[in-house]
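Here, each number is a calculation from the coordinates, and none is a lab measurement. Treat the numbers as computed from the prediction; the structure is a model and nothing was measured. No Cβ is skipped: glycine too gets one built from the backbone with ideal geometry, and neighbour counts run over all protein chains shown.
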Amino acid sequence: MEPAKILVVDDDADIREIISIYLRNAGYEPVEAEDGAEALAIVEAVPDIALVILDLMMPRMDGSRFCIELRKKSVIPVIMLSARAEDMDKVNGLSLGADDYLTKPFNPIELVARVKSQLRRYLQYQPAAESAQAGSSQHLELRDLVLDLATHTVTVRGKEVHLTPKEFSILELLLAHPGQVFRPESIYEAVWDEPFMESDATVMVHIRNIREKIERQPRKPEYLRNVWGVGYKIE
């Protein structure tokens, strides 16, 4: 099996080199870009990019604009890097479609661990998609919300909606246990497959993004509900 291609997008050549060294040592194939515009061109030219490590602040096209444009055509995981450490900056990054957010300066070993975690969740659906082509299918359904585990697709009211891998996994977890309330830390540990060691902003932003995609009125959800002071549930 060929190593997974990881797109490293940063205007600092030294940071790109450090990240690339650690990725190669972990068995991945790094592909480098110095800004968002070059990165978009690479995504279009190299269809098997498996994940993007994305700096937020860059000239010409910054990470925010790149993420917006990428999400119009792809759900590949994005790990955003930024020197901004405030919770609101993290919320904004995740709202743009990033799957994870790491503050600079970062430990390259932690970054590689997060890459592995994201890829486990994303790449596991490719064999399932092949099984679906062979005729097998598995669904989770609640009224007119349908999640297809084999093809990794979601439809609501007969219309397909595009979720990122993390959004899909959160919805899968909740939909598999209708009515059960999950605390943010439980969702994080189940979906990110690592101990919960931070605020619940990450889960909160992903929940908000899911609502924007599946609910008629996100502020008055029909499916994905808050249980105030406890967590979230599907009903």
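The 3J(HN,Hα) values that the Karplus relation (6.51, -1.76, 1.60; θ = phi - 60°) gives for segment 23-28 are, in residue order, 5, 4, 4, 8, x, 9 Hz. Gly and Pro appear as x. Quick one: Debye curve from the alpha-carbon atoms of segment 152-235 only, equal weights, vacuum; give me log10 I(q)/I(0) at q = 0.19, 0.20, 0.24, 0.25 Å⁻¹ to two decimals. Once normalised to I(0) and log-transformed, intensities are -0.81, -0.90, -1.31, -1.42.
Put a dot 7 Å past the Cα of I68, heading toward its Cβ, do the same for L142, and the two dots end up 3.1 nm apart. Highest mean first, the peptides 71-84, 153-166 sorted by other C-beta atoms within 10 Å per residue fall in the order 71-84, 153-166. Taking amide H as placed 1.01 Å from N in the peptide plane, the amide H of G231 sits under 5 Å from none that are at least 5 places away or on another chain. The mean sequence distance of close C-alpha pairs (under 8 Å, at least 6 residues apart), as a share of the length of the chain, puts its relative contact order at 13 percent. Per residue, the average separation of C-alpha pairs within less than 8 Å and at least 6 apart gives segment 1-118 a relative contact order of 23 percent. Phi angles across segment 54-62 convert, under the Karplus curve 6.51 cos²θ - 1.76 cosθ + 1.60 with θ = phi - 60°, into 3J(HN,Hα) values of 10, 6, 7, 9, 8, x, 6, 9, 7 Hz, Gly and Pro given as x. Would you calculate a helix-derived [θ] at 222 nm for the chain, using -39,500 (n - 2.57) for each DSSP H run of n ≥ 4 and dividing by the full residue count, to the nearest 500? The helix-only estimate for the chain comes to -13000 deg cm²/dmol at 222 nm.
Taking the convex hull of the alpha carbon atoms in the chain, what volume per residue do you get, in Å³?
Numbers: hull volume 30.1 nm³, N = 235.
Roughly 128 Å³ of hull volume per residue.
Maximal additional length on extending the Q217-A45 stretch stands at 58.2 nm, based on 0.36 nm per residue less the C-alpha distance.
Considering every Cα-Cα pair within segment 1-112, what fraction, in whole percent, is farther apart than 16 Å? Here the tail beyond 16 Å accounts for 54 percent of pairs.
Given the convex hull of the Cα atoms of segment 9-60, what is a quarter of its surface area in nm²?
3.4 nm²
Between the beta carbons of V161 and R225, assuming R0 = 22 Å, the FRET efficiency works out to 0.75 to the nearest 0.05. Over the Cα atoms of segment 162-208, each weighted equally, I'd like the Debye log10 I(q)/I(0) at q = 0.19, 0.20 Å⁻¹, rounded to two decimals. So the normalised log intensities work out to -0.55, -0.62.
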